[in-house]
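A short write-up of the structure that comes next.
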């Protein structure tokens, strides 16, 4: 399969955002925002974004219902209102979205689009990318000034940010007893989700 990229629109103007897509030869943008609307940056709201991409010769695919970080399914939420990424991955809707991404990657590369510039602060990395890695793919994250951050490098930052730097690539320190990279990553993903995942008011989640 082709390479999956990710990108956060952040505060880019349209020209700089389009330049990033062109720099990396992105033929398709897969929008994984649950609510593809931006009041501050209306050029990233769905109708205008889709139209502008079409003019630029880039495809648009909305997968916010399947792969969005604010799912409609109440089973994706914990009792405290936080989205449970691991639980969401098990859902039929998420798996359908993942299969669509796979199907597109068989034809060409694409970029998963959300809002946050830093992937480790976004559900596209915390919820979707582990599943892509499990498929044998290595996502590439397009950063603000056009550089690419490999999935493993982003994972290293995630480990460092959550106290598991001893198992990050190139660490000079021995791993904590009982913690290999895989188990430390699982814990780091969970800890980061506590900080970054969408939290609904518990009273709004109807089971």
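Quick note: the coordinates plus some simple rules give every number you see, no bench work behind them. Everything quoted here is computed from the prediction, not taken from an experiment. Note: ideal-geometry Cβ built from the backbone for every residue, glycine included; neighbour counts use all protein chains shown.
Only counting other Cβ atoms within 10 Å, I'd like 123, 24 sorted with the fewest neighbours first. Could the numbers behind the result be given before it?
Working: 123 27, 24 16.
Listing 123, 24 from fewest to most nearby Cβ atoms yields 24, 123.
Can you give the FRET efficiency for residue 48 and residue 190, using 1/(1 + (r/R0)^6), R0 = 35 Å, r = Cβ-Cβ distance, to the nearest 0.05?
After rounding, the FRET efficiency stands at 0.45.
Debye calculation, C-alpha points only, no solvent: report log10 I(q)/I(0) for segment 1-53 at q = 0.14, 0.26 Å⁻¹, in the same order as the q values.
The computed values of log10 I(q)/I(0) come out as -0.36, -1.22.
Calculate the FRET efficiency for residue 198 and residue 10 from the Cβ-Cβ distance with a Förster distance of 25 Å, rounded to the nearest 0.05.
0.90
I'd like to know how the chain sits against the 2.2 N^0.38 Å rule of thumb: what's its Cα Rg over that expected value?
So the Cα radius of gyration is 1.02 times the expected 2.2 N^0.38 Å.
Alpha carbon centre of segment 149-168 versus segment 114-138: separation in Å?
13
Based solely on its DSSP helices, what 222 nm [θ] is calculated for the chain when runs of n ≥ 4 H residues each add -39,500 (n - 2.57) and the sum is averaged over all residues, nearest 500 deg cm²/dmol?
Taken over the chain, the calculation gives -11000 deg cm²/dmol.
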